[in-house]
1. Among the residues of the range 288-300, what is the count of those that are at pLDDT 90 or above and either under 19 Å from Phe141 (Cα atoms) or in contact with a Lys or Arg (Cβ under 9 Å, 6 or more places away or on another chain) (or both)?
2. Considering every residue within the range 324-346, establish whether at least one is assigned to a strand (DSSP E or B), over 24 Å from the mean Cα position of the chain (by Cα), within 16 Å of ligand 3 (Cβ to nearest atom) and over 22 Å from Gly394 (Cβ atoms).
3. If you go through the range 128-173 one residue at a time, how many are modelled with pLDDT of 95 or more and basic (Lys, Arg)?
4. Pick from Gly173, Gly214: which is within 16 Å of ligand 1 (Cβ to nearest atom), assigned to a loop (DSSP other than H, G, I, E, B) and surrounded by 15 or more Cβ atoms within 10 Å (Cβ to Cβ)?
5. Mind telling me which of the residues Ser47, Ser28 ends up being at pLDDT below 65, over 28 Å from Asp516 (Cβ atoms), in contact with a Leu (Cβ under 8 Å, 6 or more places away or on another chain) and polar (S, T, N, Q)?
6. Look through the range 605-657, keep the residues that are within 30 Å of Ser202 (Cβ to Cβ) and surrounded by fewer than 17 Cβ atoms within 10 Å (Cβ to Cβ), and return whichever of them is modelled with the lowest pLDDT.
7. Could you list, in sequence order, all residues of the range 123-141 that are more than 27 Å from Ala514 (Cβ to Cβ) and either within 8 Å of ligand 2 (Cβ to nearest atom) or among the aliphatic types (A, V, I, L, M) (or both)?
8. Of the residues Leu90, Leu116, Leu79, which is assigned to a helix (DSSP H, G or I) and of a type in the set (A, V, I, L, M)?
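The values are calculated or read from the model by the stated rules, or taken from the named source; none is laboratory data. Because the structure is predicted, anything quoted here is derived from the model rather than measured. Note: ideal-geometry Cβ built from the backbone for every residue, glycine included; neighbour counts use all protein chains shown.
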Amino acid sequence: MSPPLTKPTTTATTSIFSPSKPPPPLYSFLFLTALCFLGFFYTLHHSQNPKTTLQHATTLFLSSSSNSTISSYLHSLTLHPHLAGTSLSLDTVNYVSSHFRKLNLETHKKEYQVLLSYPVKSSLSAHFSNGSVVNFNMNEFVDSAESEKIVAPYHAYSPSGSVHAKVVFVNYGREVDYNALGVLGVNVSGCVVLVRKGGGLSRGGVVKIAESKGALAVLLYAEEGRLSGGVERGTVMRGVGDPLSPGWAGVEGGERLGLEDSEALERFPKIPSLPLSFGNADVILGSLGGRTMPPEWRDSGGGRSRVLKVGPGPTMVNFTYQGEKKLTIIHNVFAVIRGLEEPDRYVILGNHRDAWTYGAVDPNSGTAALLDIARRYALLLQNGWNPRRTIILGSWDAEEFGMVGSTEWVEQNLVNLGAKAVAYLNVDCAVQGPGFFAGATPQLDNLLIEVTKKVKDPDTEGGTVYEKWAAKNQVNTIQRLSGVDSDFAPFLQHAGIPSIDIYYGRDFPVYHTAFDSYEWMTKYADPLFHRHVAVAGIWGLLALHLADESILPFDYLSYVEQLQGHTGVLSNLLDQDISLHPLINSIQELASAAKEVEFEIKQLREQESRGNFIDLKLRALNDRLMLAERGFLDVEGLQGRQWFKHLIYGPPSDYEQKLDFFPGIADALSQSTSKSQQNRQAALQHEIWRVARAIQRATTALKGNLT
Ligand SMILES: *[C@@H]1O[C@H](CO)[C@@H](O)[C@H](O)[C@H]1NC(C)=O
Ligand SMILES: *[C@@H]1O[C@H](CO)[C@@H](O)[C@H](O)[C@H]1NC(C)=O
Ligand SMILES: *[C@@H]1O[C@H](CO)[C@@H](O)[C@H](O)[C@H]1NC(C)=O
Ligand SMILES: *[C@@H]1O[C@H](CO)[C@@H](O)[C@H](O)[C@H]1NC(C)=O
């Protein structure tokens, strides 16, 4: 089913002009005449005042918003489950690409062949001390004709295995939790661990720690599923992208690691795991004997007050998981709107399309917003607008398996992206519930704030997103993109591209379950689709500014401020004899370069407003603004995890490390126990120097001159 487009797009206006030639903008006719009168004989695009163009584009973009088109896109995208690599997922590939094509946008697909993982069968039974046995139903109770199309709950890339062993409850499965068990004299070696989600660990992190403690298998449940009966699927792979083509694109016929290659094996857990419903977990938890759980764990199991034991046993479980890993074709879909003046500078909007089940929240609320932005940009194009820089709309596949589609594409296009990508704007779950949230690299903070001042708040009459956001004081807490939980990871952490990630609502109870459906969205998260409209508005306007402003709206003083903040936090964690001076000095140098650039921008704006032809000067300045972020990359990458090149933002290897910046320094801090005091200090000091040098590289790039 195709949603209605506001306008047929194969009209004479669009078809008689090739994409490289602009249609005549009617509204700027008088303006052009005036310029000609003043003696300007440049080509059409030079005589358009960039400010006016952007203002017109903004007005038209904002006035063409529509909740009904977004809701119809979401409805069509979520008719069936569409797990990556399955035949049903092809429906969404076709839906997105035909949408772009019908809008007359330049459209293409890019396929990769990658290793994905699917369940074959799973079973779990509990054998209680009184002799009774329960065979658990491992599926969700879905009341729908579609239910057999929904993949059974599983953990992608879990090894197959059968285990018959006693159960131990390990709370969130963090190191501190195992330490608490150690105090009670409980050893999980040889047991199946029962873990509740939510202690800040990733799924893969939970399994990795359990493995290191000698557990034989992991059962993971989410308390959010208590009411819905949902079971949370997810990946347990370590690292990002196709595990058989680490660092390069997984193309058909290209080099590929063997499944037993040590580098591939490092990516997979060694013990099997399965997700469990809250109800099933509760039955097991309630049957455990042994030591009483530590008081601070007591709310485990959804706020109940009964005193529970942690085991081991006496309950035994018979756990079986059989899965298959197989090479699978995945599809990224793109629409490209060529920039008129700087076609070789890219502003990229990206969202993944693949879902564990129906994906109404995760991720197709974002896809629906992306498709609506495409519709509105097409309308702008029909009205004579062309962006200064190229805008790319990207629809990624296989994000749920570990950002696979976006990562393969970034790896394949690394040189061009490094030289030409201005920014990457990510939306995953556009709407999960109320409240605006954002993450960004700091030079984009101000742009983000300015844009939220132009978009209507979806939940209050007359206000803007900014007002509501500021009132909740969350503007000061723009997150930094150190996590690896969506497609910004390859763009920022591998390629050093300034990035933004936005969404409404923080958590949602049907996450990765069969209940993440269109009905759930309309019932709970966004009944009138106004929050979708707000996200599409912010996302689309961010791209318009980045694509159309003659000087890139990047503010490196804001980066300086944030780096100073990070350094302050770090200094509280360090011993006296570690020196932060290299870091402090490098930030000061960046500050003075950023101030000089600010002055330069002022001067260029004055020249521009006098109508001087300064395109090459602007271009040179913009390149410096764009490339400064690349300075934070380090060819060697993080130690032991070379794919992660960004030394300011990236994930620490220790899942429990509290620093969400300077990942190399965070690693050195958490390796404290495995090294002598002297080695530890030297390693830490070295990592501080590395970050300082990264900041110096950014400064040099921003200044633009060779030393
Ligand atoms: C737990 O038991 C295993 C196997 O008996 C043993 O190797 C390990 O050292 C024990 N761990 C602790 C923390 O006592
Ligand atoms: C046996 O123990 C389990 C777990 O405690 C309980 O759910 C079940 O009702 C018991 N069965 C009998 C027959 O007592
Ligand atoms: C465990 O489950 C498997 C598969 O359902 C079954 O073949 C096996 O006999 C069971 N083992 C025990 C000890 O119950
Ligand atoms: C769009 O918004 C209007 C105004 O709030 C509302 O009446 C309408 O039901 C919404 N449409 C959809 C599809 O939610």
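1. At the first step, the residues of the range 288-300 found to be at pLDDT 90 or above are 288-294.
Still in the list and also either under 19 Å from Phe141 (Cα atoms) or in contact with a Lys or Arg (Cβ under 9 Å, 6 or more places away or on another chain) (or both): 288-293.
So the count comes out to 6.
2. no
3. 1
4. Numbers: Gly214 fails: surrounded by 15 or more Cβ atoms within 10 Å (Cβ to Cβ).
From the options Gly173, Gly214, the qualifying one is Gly173.
5. Working: Ser28 fails: in contact with a Leu (Cβ under 8 Å, 6 or more places away or on another chain).
The unique qualifying residue is Ser47.
6. In the first step, residues of the range 605-657 are kept if they are within 30 Å of Ser202 (Cβ to Cβ); the result is 629-657.
Within this subset, residues satisfying the condition of being surrounded by fewer than 17 Cβ atoms within 10 Å (Cβ to Cβ) are 635-636, 640, 642, 654, 656-657.
Numbers: Val635: 97, Glu636: 96, Gly640: 91, Gln642: 95, Asp654: 81, Glu656: 72, Gln657: 76.
Looking at the filtered set, the residue picked out is Glu656.
7. From the range 123-141, those more than 27 Å from Ala514 (Cβ to Cβ) are 127-132; that's our starting set.
Selection gives Phe128, Ser129, Asn130, Gly131, Ser132.
8. Details: Leu116 fails: assigned to a helix (DSSP H, G or I); Leu79 fails: assigned to a helix (DSSP H, G or I).
Of Leu90, Leu116, Leu79, the one residue that is assigned to a helix (DSSP H, G or I) and of a type in the set (A, V, I, L, M) is Leu90.
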